[in-house]
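Have a look at the structure below, then the notes.
The values are calculated or read from the model by the stated rules, or taken from the named source; none is laboratory data. From a predicted model like this one, the values you see are computed outputs, not experimental measurements. Positions of Cβ are backbone-derived with ideal geometry, glycine not excepted, and every protein chain shown enters the neighbour counts.
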Amino acid sequence: MFAEKSFAVTILFLMFIPALPLPTGGITHVFEAITVVLATEMVIGVRTLWLPARWRNRELGAVTTEKAIPFMAKRIRWFERFSRPRWAPLFNQRWFLRLLGLVLIGLAVTAALAPPFSGLDTLPSIGAVVVALAIILEDVVVLGIGVAIGAGGVVVVLTIGAALFRVLRHLL
């Protein structure tokens, strides 16, 4: 149904849960790992979504379909009101989608490496969600917002992560 945008749609759904400022007990690492697999497929130029059968055949569950998806749809509609196709042909270029795949890998890895229960995975995850939304909406302004949020998240994770590492090293 979404053709080549199926990567962006799937990544949007996967990274939305880590983007919520809630303690998830590490379950978000599964979503981030799947995002890295899908973004890697974007980088190598795969045109159709491929997931292992075990992941592909999983049910979303009642909580996801009844609460999470309507919550996401409300936020997506907000972006749709302000978005319009800007530089849309750029999003049809294979090299550009590969570059965005690298950006998504970086954001997902940063979110996964954030210190546990710190909430620091939220900003890189929000950045990944907005980048995926930019691919769907074909809007370079939304893309810029997503990259800025994600880059800010990377800086925060690296800065606070390094500080925590130093503190823990001195304590031990």
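When you check residue 141 against the structure, is it more than 26 Å from residue 30 (Cβ to Cβ), of a type in the set (A, V, I, L, M) and surrounded by 14 or more Cβ atoms within 10 Å (Cβ to Cβ), yes or no? It is true that residue 141 is more than 26 Å from residue 30 (Cβ to Cβ), of a type in the set (A, V, I, L, M) and surrounded by 14 or more Cβ atoms within 10 Å (Cβ to Cβ). Residues that are in a helix (DSSP H, G or I), among the β-branched types (Val, Ile, Thr) and farther than 20 Å from residue 77 by Cβ were ranked within region 6-31; the one that is modelled with the highest pLDDT is 30. Residues being more than 17 Å from residue 13 (Cβ to Cβ) and either surrounded by 12 or more Cβ atoms within 10 Å (Cβ to Cβ) or touching a strand residue (DSSP E or B) at 6+ places or on another chain (Cβ under 8 Å) (or both) are entirely absent from region 66-80. If you go through region 94-108 and keep only what is out of contact with any Asp or Glu (no Cβ under 6 Å at 6 or more places or on another chain) and buried (at least 17 other Cβ atoms within 10 Å of the Cβ), you end up with 97, 100, 101, 103, 104, 105, 106, 107. In the condition set (1) under 26 Å from residue 141 (Cα atoms); (2) modelled with pLDDT of 85 or more, residue 34 is compliant with all but (1).
Within region 38-54, restricting attention to residues that are in a helix (DSSP H, G or I) and modelled with pLDDT of 75 or more, the residue that is surrounded by the fewest Cβ atoms within 10 Å (Cβ to Cβ) is 44.
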